[in-house]
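J.: This is the structure I have questions about; it appears just below.
The values are calculated or read from the model by the stated rules, or taken from the named source; none is laboratory data. Since the structure is predicted, the reported quantities are computational estimates derived from the model, not experimental observations. So basically every Cβ, Gly included, is an ideal-geometry build from the backbone, and we count neighbours across all protein chains shown.
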Amino acid sequence: MPPVLPPFFGGNADIELPDAHGVTVLTRIRSHPSPRIAAMPVVVVTAVAMDGERSRCFRHGADDFVTKPIRLATLRSSLLALYLRGRLKAREGLMVVEDGGGRKKRGGEGGM
C-alpha cells in the first residue's frame, strides 16, 4: 500500500485555461508578493504532452508536469515525490477523515 499523504497546500494548473495561458498564471504565482503564494508547489496538468511545453513549464517554475488523462497513480507519485523533497508541507490543524459512508470530511484540531 502506498504511503498516505497528509493534507497539504499546493495547486494544480491546467495549461489551457479559458482566459489565460497556464504559463502566465504560473508566472504570476511565482512573482506574487506573498512569499507563501510565490513558493506554493504547482503541478501543471495538460493535454499538451510535447517536450517543448514541458520544458517551458519547468522554466517558469512548475514543480512537476502531468499529462491528461490524469491517472491517479501518476498524480499520487508526483505529489509523493514533492512531499519527500520537502516541497509539500503538511497543513497543520487540518485532517481528512472518512465518515461512515466512505466520504471525506475536512476538520480542524477541535474536531469536525
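J.: Please go through region 19-51 and give me each residue that is hydrophobic (A, V, I, L, M, F, W, C), touching a strand residue (DSSP E or B) at 6+ places or on another chain (Cβ under 9 Å) and surrounded by 13 or more Cβ atoms within 10 Å (Cβ to Cβ), ordered by number.
T.: Those that are hydrophobic (A, V, I, L, M, F, W, C), touching a strand residue (DSSP E or B) at 6+ places or on another chain (Cβ under 9 Å) and surrounded by 13 or more Cβ atoms within 10 Å (Cβ to Cβ): VAL23, VAL25, LEU26, ILE29, MET40, VAL42, VAL43, VAL44, VAL45, VAL48.
J.: Being in a loop (DSSP other than H, G, I, E, B) and hydrophobic (A, V, I, L, M, F, W, C) is the filter; apply it to region 72-100 and report the residue that is modelled with the highest pLDDT.
T.: Residue satisfying both the conditions and the ranking: LEU88.
J.: Give the residues of region 30-71 that are over 18 Å from GLY86 (Cα atoms), free of Cβ contacts under 8 Å to residues at least 40 places away in the same chain and assigned to a helix (DSSP H, G or I), sorted by residue number.
T.: Hits for region 30-71 are ASP51, GLY52, GLU53, ARG54, SER55, ARG56, ARG59.
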